[in-house]
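The values are calculated or read from the model by the stated rules, or taken from the named source; none is laboratory data. Since the structure is predicted, the reported quantities are computational estimates derived from the model, not experimental observations. Quick reminder, even Gly has a Cβ in these numbers, built from the backbone with ideal geometry, and neighbours come from all protein chains shown.
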Amino acid sequence: MDDLSLYILDISENCIDAGAKNIEIIINEDTKKDILIIEINDDGKGIDEDMIKLIQNPFTTSRTTRKVGLGIPFFKEAAESCEGKFSISSAKGIGTKVKATFKHSHIDRKPMGDIAETLIALILRAEKTEILYYHKRNGKDFTFRTKDLKLQLKVKDLKQVMLLNSLKKIVKQKISELQ
Amino acid sequence: MAKLKIEDLEKITEEFKRKMTLREGAGRVKITVHLGTCGIAAGARKIMNSFMEEIEKSKATDIIMTTSGCAGLCSREPMATVEVIGNAPIKYVDLTIDKVKIIFDKHVMKGAFVQEYALSVGSEKIQ
Ligand SMILES: Nc1ncnc2c1ncn2[C@@H]1O[C@H](COP(=O)(O)OP(=O)(O)OP(=O)(O)O)[C@@H](O)[C@H]1O
Ligand SMILES: [Mg+2]
């Protein structure tokens, strides 16, 4: 995948598949400490303890009939190839937390990419999932909540193209202001 | 904490009201872009984005845009399904932005499906 916003989209799709009502996407960039942290948390159905190890390695079950996904191993690989760490923890019936850290300045660290487009893609996918996006970069931060926007617009869902196109522009602008 | 401020929300609200005169008009066409891992890696989000731009340009208000998970045909990604309500959904494969423009113009707007880019006529579940 070309950039981190695509990984974030992919990992968040897992949360929607898991029936999450809430997804939190938290990004923390600290260029002084030279670290980038991406956390994606959900309150979906969770993952069995014995599955957790399995899903982190795409080769483990390549010979069984079960189709093993690529999303988690890809993201893990992206972090670990940048002197970073990856972790996934989950509790059945409570939710799942995915956390990846990267050395911010690492030569192989992929660019952030278009987060606004990722958020729009998630809103289009998720009927009943609320998304919280929190992005901190050095001293500045930005928060976006689908719940707030629905309340403000007095609508039940945000799946409307013209609305999402406007939202995309504004979110893009806000995120660029963190630079 | 820098949130989407009230002004920002108001700006969106205004645009929303201006553009969305009729939301109740039930969908005439439904476009679904498949965003599984393989789709995303193959550029499906860009495909979603260009469908959204085409919708905006056309000013049509009866097109439903949505995204879904993996369509099960990783080698033919990016993929999208176009369903003119009342007709069988058409699955388009190996999409590019140029193909999106043609599909949008011919199929979404004029109802004539573009056979050369299509996989098969039938339900999304047929793979
Ligand atoms: N947030 C989550 N909540 C519950 N289960 C999860 C979550 N994330 C991953 N899983 C489980 O781990 C499996 C592997 O996830 P992974 O993203 O690697 O592959 P996938 O989603 O199955 O397929 P793809 O290659 O399209 O991503 C999923 O099928 C699911 O069972
Ligand atoms: Mg996945």
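Overview of results
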{"quantity": "Identity of the residue in the range A:33-45, assigned to a loop (DSSP other than H, G, I, E, B) and within 15 Å of ligand 2 (Cβ to nearest atom), that ends up nearest to the chain's Cα centre (by Cα)", "calculated": "A:GLY44"}
{"quantity": "Where a residue in the range A:1-26 is more than 8 Å from every other protein chain (Cβ to nearest Cβ) and at negative phi and its partner, wherever it lies, is of a type in the set (Lys, Arg) and within 12 Å of ligand 1 (Cβ to nearest atom), with Cβ under 6 Å and at least six apart", "calculated": "A:ALA18/A:LYS45"}
{"quantity": "Within the range B:27-43, considering residues that are closer than 10 Å to B:THR67 by Cα and within 14 Å of ligand 2 (Cβ to nearest atom), the one surrounded by the fewest Cβ atoms within 10 Å (Cβ to Cβ)", "calculated": "B:GLY36"}
{"quantity": "Among residues of the range A:89-105, those that are within 16 Å of A:LYS53 (Cα to Cα) and surrounded by fewer than 20 Cβ atoms within 10 Å (Cβ to Cβ), counted", "calculated": "5"}
{"quantity": "Selection status of B:THR66, out of contact with any Pro (no Cβ under 7 Å at 6 or more places or on another chain), surrounded by fewer than 20 Cβ atoms within 10 Å (Cβ to Cβ), modelled with pLDDT of 90 or more and within 20 Å of A:ALA116 (Cα to Cα)", "calculated": "yes"}
{"quantity": "Number of the condition not met by A:ASN165 [criteria: (1) more than 15 Å from the chain's Cα centre (by Cα); (2) more than 9 Å from every other protein chain (Cβ to nearest Cβ)]", "calculated": "(2)"}
{"quantity": "Yes/no for B:ALA112 being without any contact (Cβ under 8 Å) to a residue 12 or more places away in the chain, of a type outside the set (S, T, N, Q) and farther than 23 Å from A:LYS168 by Cα", "calculated": "yes"}
{"quantity": "Helices (runs of 4 or more DSSP H) lying entirely in the range B:28-127 (those with 3 or more residues that are on the phi > 0 side of the Ramachandran plot)", "calculated": "none"}
{"quantity": "Index of the failed condition, A:THR101 passing every other in (1) within 12 Å of another protein chain (Cβ to nearest Cβ); (2) over 20 Å from B:ALA41 (Cα atoms); (3) of a type in the set (Ser, Thr, Tyr)", "calculated": "(1)"}
{"quantity": "Considering residues of the range A:94-151 that are of a type in the set (Asp, Glu) and in contact (Cβ under 8 Å) with a residue 12 or more places away in the chain only, the residue farthest from A:LYS32 (Cα to Cα)", "calculated": "A:GLU127"}
{"quantity": "Criterion (modelled with pLDDT under 95 and within 20 Å of A:THR129 (Cα to Cα)) met by exactly one of A:ILE55, A:ILE47", "calculated": "A:ILE47"}
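Residues are listed down the side, and each one gets a yes or a no for (1) under 13 Å from the mean Cα position of the chain (by Cα); (2) within 23 Å of A:ILE115 (Cβ to Cβ); (3) modelled with pLDDT of 90 or more:
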residue: B:GLU10; (1), (2), (3): no, yes, no
residue: B:GLU15; (1), (2), (3): no, yes, no
residue: B:LEU35; (1), (2), (3): yes, yes, yes
residue: B:GLY39; (1), (2), (3): no, yes, yes
